[in-house]
Amino acid sequence: MIQPQAQNRITYSKVIHLSHIIDTAIPQWPGDPSVEFTTFAEISQDGYYLRRFSLGEHSATHINAPNSFHDSGVGIDQYSAQSLIVPAVVIDIRQAAASNPDYTLPITDVLSWEEQYGQIPVGSLVILNTGWEKKWSDKNAFFNQDAEGIMHFPGFGSDATQFLLNERQIAGIGIDTHGVDPGQDNSFASNCLVLEQPRIVLENLTNLDQLPPQGTTLIIGVLRLRDGSGSPAAVLALVP
């Protein structure tokens, strides 16, 4: 797994939640388990308040593990603590995605970003800001399914993902949609490429409009589910 460059100190001016609040109304991938809360103790009766919650490993803002796409892949419990603190860069494709919901990030967009901000550093997590988080409260708009049930939302092109992995040695990728792959891609090509390494895949991020193109550090909190295919994630951004 790619490790970020050693850092003894992180300087930041603010901390931002990149994770959605989890409730029973969040958009759920078709066929995934629903979110459920069951009250087990009440302050008035038991002296304390306690609920049980149930949700899929890929619900809400979450991280995917290699074994979600590769039989021989490790589970989420095998990610080291160091691997979950990573520098991040943000590529903004909101304008392109607004006019084309099927927009797929090409290598040329990566190179254009680098012309302005410099080469993506080794060990970075590359975040795609598509603007899709604004649709979170509307399940139909978020998945944008047509009459045949095909979803239409933007994502990483497999060529761009391969370029980032091979030529920039990134730590992983993240996005504000329900999949790093475009909605029409049922092969999950970018997921498979990144998790084969294994590296990091974050989906359903939010508040990306508050991040600068570069300089942010992410702290990714996971539930260390044994052999988990992923985990809901508490992602914090330390913004310079």
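For region 155-212, go through all pairs of different Cα atoms, get the mean of 1/r, take its inverse, and jot down that Kirkwood value in Å.
In region 155-212 this quantity evaluates to 11.6 Å.
Between 0 and 90 degrees, rounded to the nearest ten: what's the tilt of helix 107-117 against the longest Cα principal axis of the chain?
So the helix axis and the longest Cα principal axis differ by about 80 degrees.
If you stretched the chain out fully between A25 and A141, how much longer would it get, using 0.36 nm times the residue separation minus the C-alpha to C-alpha distance?
Between A25 and A141, full extension yields 40.4 nm more.
At 222 nm, what helix-only mean residue ellipticity would the chain give, in deg cm²/dmol to the nearest 500, using -39500 (n - 2.57) for each DSSP H run of four or more?
Dividing the helical sum by the residues of the chain leaves -4500 deg cm²/dmol.
Helix 158-167 sits at what angle to the longest principal axis of the chain, using alpha carbons and giving 0 to 90 degrees rounded to 10?
The helix 158-167 is inclined about 70 degrees to the chain.
Give or take rounding to whole Å, what are the principal axis extents of the alpha carbon atoms in the chain, in descending order?
Between the extreme Cα coordinates on each principal axis of the chain lie 63, 52, 39 Å.
Roughly what would the spin-label model give for E114 and L223, points 7 Å off Cα along C-beta, in nm?
That separation, rounded to one decimal, is 3.9 nm.
Aspartates and glutamates within cross-link reach of K14: Cα-Cα under 18 Å, excluding same-chain residues under 8 positions apart?
In chain and number order, the partners are D209.
Relative contact order of region 158-240: what whole-number percent is it, with Cα pairs under 8 angstrom and at least 6 residues apart?
The normalised contact order for region 158-240 reaches 25 percent.
Among 87-99, 35-47, 10-22, 194-206, what's the highest-first ranking by average C-beta atoms within 10 angstrom per residue?
194-206, 87-99, 10-22, 35-47
Work out the P(r) tail for region 1-134: percent of alpha carbon pairs separated by more than 26 Å, whole number.
When all Cα pairs of region 1-134 are counted, 47 percent exceed 26 Å.
Positive end of the dipole of region 39-110, charges at C-beta (+1 Lys, Arg; -1 Asp, Glu), about the Cα centre: which of G73, P106, V86 has its Cα farthest in that direction?
V86
Skipping prolines and chain starts, which residues have an amide H placed within reach, meaning under 5 Å, of the one on L105, given they are 5 or more residues away or on another chain?
It is G155, F156, G157, by chain and number.
Enter the Cα centre distance for the pair region 67-97 and region 106-184, rounded to the nearest angstrom.
Going from one Cα centre to the other spans 12 Å.
Readers should treat all values here as calculations from the given coordinates under stated rules, not as data from a laboratory. None of these values were measured; they are calculated from a predicted model. All Cβ positions, even for glycine, are placed from backbone atoms using ideal geometry, and neighbour counts span all protein chains on display.
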